[in-house]
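The values are calculated or read from the model by the stated rules, or taken from the named source; none is laboratory data. Keep in mind the model is a prediction, meaning the values are calculated, not measured. Ideal geometry is used to build each Cβ from the backbone, glycine not excepted, and the neighbour counts take in all protein chains shown.
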Amino acid sequence: MTHYTRNEMMIVTASRALAGTRTVFVGVGLPNIACNLARRTVAPYLELIYESGVYGARPARLPLSIGDPTLVSDALSVCSMQDLFGLYLQGGRVQVAFLGGAQIDRFGNLNTTIIAGAAGSLEEDYARPKVRLPGSGGACEIAIQAQKVFIIMRLSKRGFVDRLDFLTGPGHLHGGDARDSLGLPGMGPQLVVTDKCVFVFDQESKEMLISSLHPGVELSEVQQEVGWQVQTAGELKQTAAPTDEEIHLLREELDPQGIHIG
Amino acid sequence: MTHYTRNEMMIVTASRALAGTRTVFVGVGLPNIACNLARRTVAPYLELIYESGVYGARPARLPLSIGDPTLVSDALSVCSMQDLFGLYLQGGRVQVAFLGGAQIDRFGNLNTTIIAGAAGSLEEDYARPKVRLPGSGGACEIAIQAQKVFIIMRLSKRGFVDRLDFLTGPGHLHGGDARDSLGLPGMGPQLVVTDKCVFVFDQESKEMLISSLHPGVELSEVQQEVGWQVQTAGELKQTAAPTDEEIHLLREELDPQGIHIG
Amino acid sequence: MASKVMSMQEAIASHVHDGDMVAIEGFTACICFAAGHEIIRQGRRDLVLCRMTPDLIYDQMIAAGCARKLIFSYLGNPGVGSLHAIRRAVEKGIPAPLEIEEYSHFGMVSRYTAGAHRLPFYPLHSYTGSDLPRVNPKIRFVESPYDGEPIAVVPPLNPDVVIIHAQRADREGNTHLWGLLGVQKEAAFAARRVIVVVEELVEEQVIRSDPNRTIIPSLIVDAVVKEPFGAHPSYVQGYYDRDNQFYLQWDELSRDETSTQAWLEEWIIAVKDRAEYVQKLDASAWKRLSPGEAFAEPVNYGRYA
Amino acid sequence: MASKVMSMQEAIASHVHDGDMVAIEGFTACICFAAGHEIIRQGRRDLVLCRMTPDLIYDQMIAAGCARKLIFSYLGNPGVGSLHAIRRAVEKGIPAPLEIEEYSHFGMVSRYTAGAHRLPFYPLHSYTGSDLPRVNPKIRFVESPYDGEPIAVVPPLNPDVVIIHAQRADREGNTHLWGLLGVQKEAAFAARRVIVVVEELVEEQVIRSDPNRTIIPSLIVDAVVKEPFGAHPSYVQGYYDRDNQFYLQWDELSRDETSTQAWLEEWIIAVKDRAEYVQKLDASAWKRLSPGEAFAEPVNYGRYA
């Protein structure tokens, strides 16, 4: 079996989660490659939707950003952002959306707004942040409206925190039936793919559970990078390693310059 | 001076009221010809807007309806009806709109919905009308939103009534500052052009007043066709007759088959 | 993706059922008469018909007894006069009483928009001072949380089936539409099922060459029907003109219930499909209705590989 | 109508004033850097800048001290990383404190839409459960009068000036735009004044040949500027590609306040206009950024005379 990188492991795992999916809301970078890989393997009818207004993209190169001209040329439809967010996302036409963030908590809530300083209150921390992050972009409504949310994030103690500095995009909020009781249309986060393991969410409590460890990763390595006492989902499995075909597609076709897979 | 028909008199009078206007919301038939005549005479920069989604039409023939393909070919812009009603009309970009109706009252309120039978209540008359008219179309929001409304209607006792059977498009409602107090964005009806005379509206009471009689028309002829005691606006004037040039444009260029001017 | 191409017969049989809420949209342009005729032929009953402007096609469907209710904003034979069959139903209950639910144009547009955007309501500056809210309790008002002023709202409209006629689509239903766009995009996205009917089937690459022209994506399309001249007597921009002679003829013949029924029998019931209808029309009609050519100036999307 | 064509200098001098609310829109595509640079050169102050994605152009304008406030939804160098100058302003008040007002993308789109449609608010399914409403009191909720459920709303956004870059327009400002459409139409209709900047000026007949492609009508346009390569380092579909080398270079140099100011001095202040900027760029840049040809398939609108 071919040697593979941690990024390749993440991408392949994310792509397999798209088996049978028809529509995916794509971010650039890793999710973009994962979706293009899925189209060539487990989800041949997958259509890529970009918040910039693109449906059915067929990028001839790796897009530089979410609004690259290669996403427009040869797309099935290109519309205004009002239509993209209103008709596609809010209209309930997006089955899976990929999101990431600077911080995630045990219920899959995401922070992409600020890293707090020492001010103490949310309002003051927001007004004078230690680190100003990019903000929501479309993440807030994507988290609320997409049928399912898949999260891709590298595992780290700074990222997997007990308490977010700011809640930008709602996951399962405080867990249980919190989403349903607020009437959020989407089902929220279903999967968190990291470079070391995969998490799913408990059906009842909606708490994040370790579902499988990537080959060669120990449970303690994961525990150590998570800011709360994390449980496993039943018997712990090992994530299936990338196949030769997947690695070949990634290296020869999808990212020949090794920008994202390296 | 060339002999002219009553319709030609109406069209020419309506066209002159557009002097200096930039945007007009056009209906088919008489208003369409009046607007095209105005473009060639008093309002060279007039742009025609049709509710079907057309801005800056340059019809190569007399349109058969408000959605004729000749309105699309060579137009400056063709958009969805959501954009037409939302961005142009509600956006406050329409200076003048032409409306008509089956009934009008002294405050310029219009009825295009039903002619009542004998039921007695509005709801019952509506459920079982004597005559079912076309309904609002865009008239309700046009009456509310256009900066100014010009009305074209043939003078008749059946049309100029003391009390509408149904209020489809609001004029000045019960008069005075009724529109303002309800927050309606447009100024409401400013002018009523008929085949016998022109009406304006009193600045304070907003009641319809005879402003000028067409050549050869007696005041009593007008009184007789209006269902309320109608006043004049100061000293009664005579409407200026069509010029030879206007008549020539109408007959040779705008309606060579005499469909509307006859 | 598998092709969704099927005959009009199959498309109506599979997707339009008794009691459905159906919208054949198209504002004066691209009105799919072929679909309406097939619905009549297949004898559908108790439909709730939605359309901004019912036009002749709903006059025919209501005369044929397909509908129990009509949701609309303008009841007219555009540029000609009344819709006599619908007036008979509303004024006299002939052939059967017809329930109506009435809006203004912008109200109907807004209902489809709310339906397409999955919004609980859509706000618009209309109806204030009008009697329409008195006869339609679905028209309501909400207060703005910014200035406290009231504004009218309408609820979403989500038809079971929306039928759209257009110039061209690929076999999956990615559809190019040009000329008047009406409310087609909003209606199609609001629908549970969408039937696209086109003048021409084209290769996917034709669609992909001009993605800004794709008004309806394959994602929301259930059936694709190729039906040339399927919008006659209405028109398709660049393909054929409105057959105004027919609009005038209908104004005459539809004033009488007997001659209306005779026309339905001759031109719909006794006709197998649109191909036969087209054959039955005077051959000179197509020549008379054919427009000259006026092509859009070229547009380069560029290759970015 | 008289021509509205003028130089960028005239357009900015006439239409952008100190203290104005200004939006240079364009989502990754067609970002009018040329206008932003001219605003810096003319020394505008106290601007309220609106943009979904401030991108490098607002990073430069804020570094140059033009703005007192920023209304936005995503602060990033797209595909690269942070906007360091804006971060310095927000985190450390360098060169001056910057007030911010923050939304999600759909919230910004909805604000422009409400502004363009003259609505008191626009409803969207967002913000429920998020902390954003806690730090932005303009995000509110209203109850649906149909089911009583709350839904988020945002107020209209009506900038004093909106600047749009596009492929082509006529001399009155009727503008064809293709590729990503972003929020340009809504922003332009929401504006009090509109400046359109284009790669090519064309005859009115080019625009009239394809009216569905006209995103912005002359009616709402105040100035038309012909400025080839005016969107560099962003891209214009079919004309040139994004200059990603510059996006990477800015990421490096803008980390430091001194090198940022040196770049502004060399590439904006010391440069007369966009023509000089284009000359100053490596000549090979345009070759490197030039896409291949990929034309839209023909479309016939027909002549109906």
| task | Please go through the stretch C:1-32 and pick out each residue that is in contact with a Phe, Trp or Tyr (Cβ under 9 Å, 6 or more places away or on another chain) and surrounded by 24 or more Cβ atoms within 10 Å (Cβ to Cβ). | result | C:23, C:24, C:25, C:28, C:29, C:30, C:31
| Condition check for residue A:73: closer than 24 Å to residue A:169 by Cα and at pLDDT 95 or above | no
| request: State whether the residues of the stretch C:175-186 include one that is away from chain B (no Cβ under 11 Å) and farther than 30 Å from residue C:240 by Cα. | output: no
| task | Give the residues of the stretch A:155-178 that are crowded, with 17+ Cβ neighbours inside 10 Å and either of a type in the set (Lys, Arg) or on the phi > 0 side of the Ramachandran plot (or both), sorted by residue number. | result | A:173, A:175
| task | Evaluate the stretch C:208-218: report whether one residue or more is away from every other protein chain (no Cβ under 11 Å) and not charged (D, E, K, R). | result | no
| message | Cβ contacts < 9 Å: first residue touching a residue at least 12 places away in the same chain (Cβ under 8 Å), restricted to the stretch A:212-227; second residue assigned to a helix (DSSP H, G or I) and surrounded by 19 or more Cβ atoms within 10 Å (Cβ to Cβ), any location; separation 6+ or different chain. Result? | response | A:212/A:13; A:213/A:222; A:214/A:9; A:214/A:10; A:214/A:13; A:215/A:9
| request: Inspect the stretch B:5-13 for any residue being touching a residue at least 40 places away in the same chain (Cβ under 8 Å), touching a strand residue (DSSP E or B) at 6+ places or on another chain (Cβ under 9 Å), part of a loop (DSSP other than H, G, I, E, B) and buried (at least 24 other Cβ atoms within 10 Å of the Cβ) and give the result as yes or no. | output: no
| request: Hey, can you tell me all the residues within the stretch B:23-45 that are surrounded by fewer than 24 Cβ atoms within 10 Å (Cβ to Cβ), out of contact with any His (no Cβ under 7 Å at 6 or more places or on another chain) and at pLDDT below 95? | output: B:27, B:28, B:39, B:40, B:44, B:45
| task | Tally the residues that are within 8 Å of another protein chain (Cβ to nearest Cβ) and part of a helix (DSSP H, G or I), restricting the search to the stretch B:72-87. | result | 7
| remark: Subset of the stretch C:213-268, residues on the phi > 0 side of the Ramachandran plot and in contact with a helix residue (DSSP H, G or I) (Cβ under 7 Å, 6 or more places away or on another chain), comes to C:229
| field | Lone qualifier among B:136, B:181, B:80 - being free of Cβ contacts under 8 Å to residues at least 40 places away in the same chain and under 30 Å from residue D:208 (Cβ atoms) | value | B:80
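Results for (1) in contact with a Phe, Trp or Tyr (Cβ under 8 Å, 6 or more places away or on another chain); (2) farther than 30 Å from residue C:177 by Cα; (3) surrounded by 21 or more Cβ atoms within 10 Å (Cβ to Cβ), shown as yes or no for each residue.
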{"position": "D:261", "(1), (2), (3)": "no, yes, no"}
{"position": "D:265", "(1), (2), (3)": "no, yes, no"}
{"position": "D:277", "(1), (2), (3)": "yes, yes, no"}
{"position": "D:302", "(1), (2), (3)": "yes, no, yes"}
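Working carefully through the options D:177, D:132, D:124, D:157, find the one that is surrounded by 20 or more Cβ atoms within 10 Å (Cβ to Cβ) and either among the acidic types (Asp, Glu) or over 30 Å from residue D:213 (Cα atoms) (or both).
D:132
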| note | By residue number, the members of the stretch B:115-132 that are among the hydrophobic types (A, V, I, L, M, F, W, C) and either facing chain C (nearest Cβ under 9 Å) or part of a loop (DSSP other than H, G, I, E, B) (or both) are B:116, B:118, B:119, B:122, B:127, B:131
| request: Hand me the list of helices (runs of 4 or more DSSP H) wholly inside the stretch B:176-262 holding 2 or more residues that are farther than 22 Å from residue B:30 by Cβ. | output: B:178-182, B:219-224
| query | Of the residues that sit in the stretch A:88-106 and are more than 10 Å from chain D (Cβ to nearest Cβ) and hydrophobic (A, V, I, L, M, F, W, C), which one is nearest to residue C:192 (Cα to Cα)? | reply | A:94
| message | Could you go through the stretch D:57-64 and let me know if any residue there is crowded, with 24+ Cβ neighbours inside 10 Å, farther than 30 Å from residue A:172 by Cα and of a type in the set (S, T, N, Q). | response | yes
| query | Filtering the stretch A:108-121 down to residues that are among the hydrophobic types (A, V, I, L, M, F, W, C) and modelled with pLDDT under 95, which residue is surrounded by the most Cβ atoms within 10 Å (Cβ to Cβ)? | reply | A:119
| field | Neighbours by Cβ (under 8 Å, 6+ apart or cross-chain): first from the stretch D:104-115, closer than 11 Å to residue D:139 by Cα; second among the small types (Gly, Ala, Ser) and assigned to a helix (DSSP H, G or I) | value | D:104/A:139
| field | Hits in the stretch D:219-243 - residues which are within 14 Å of chain C (Cβ to nearest Cβ) and either farther than 26 Å from residue D:286 by Cβ or not hydrophobic (A, V, I, L, M, F, W, C) (or both) | value | D:234, D:235, D:237, D:238, D:239, D:240, D:241, D:242, D:243
| Residues of the stretch B:35-67 satisfying the condition of being within 14 Å of chain C (Cβ to nearest Cβ) and outside any loop (DSSP other than H, G, I, E, B) | B:49, B:50, B:54, B:55
| said: Among the residues of the stretch A:182-200, are any of a type outside the set (A, V, I, L, M), facing another protein chain (nearest Cβ under 9 Å), in contact with a Leu (Cβ under 9 Å, 6 or more places away or on another chain) and surrounded by 24 or more Cβ atoms within 10 Å (Cβ to Cβ)? | reply: no
| field | Which listed residue is at pLDDT 95 or above, basic (Lys, Arg) and under 30 Å from residue B:71 (Cα atoms), from D:213, D:255, D:242, D:274 | value | D:213
| note | Apart from one, (1) closer than 25 Å to residue D:158 by Cα; (2) touching a Cys at 6+ places or on another chain (Cβ under 6 Å); (3) among the small types (Gly, Ala, Ser) all hold for residue D:130; the odd one out is (1)
| field | Residues of the stretch A:150-175 classified as more than 25 Å from residue A:224 (Cβ to Cβ) and not in a loop (DSSP other than H, G, I, E, B), total | value | 1
| request: Please give the number of the condition residue D:141 fails out of (1) among the aromatic types (Phe, Trp, Tyr); (2) more than 16 Å from the chain's Cα centre (by Cα); (3) surrounded by 19 or more Cβ atoms within 10 Å (Cβ to Cβ). | output: (3)
| query | Can you find even one residue in the stretch A:218-232 that is within 14 Å of another protein chain (Cβ to nearest Cβ), out of contact with any Ser or Thr (no Cβ under 7 Å at 6 or more places or on another chain) and surrounded by 22 or more Cβ atoms within 10 Å (Cβ to Cβ)? | reply | no
| Tell me, which strands (runs of 3 or more DSSP E) lie completely within the stretch D:163-262 with 3 or more residues that are closer than 21 Å to residue B:79 by Cβ? | D:193-201, D:214-216
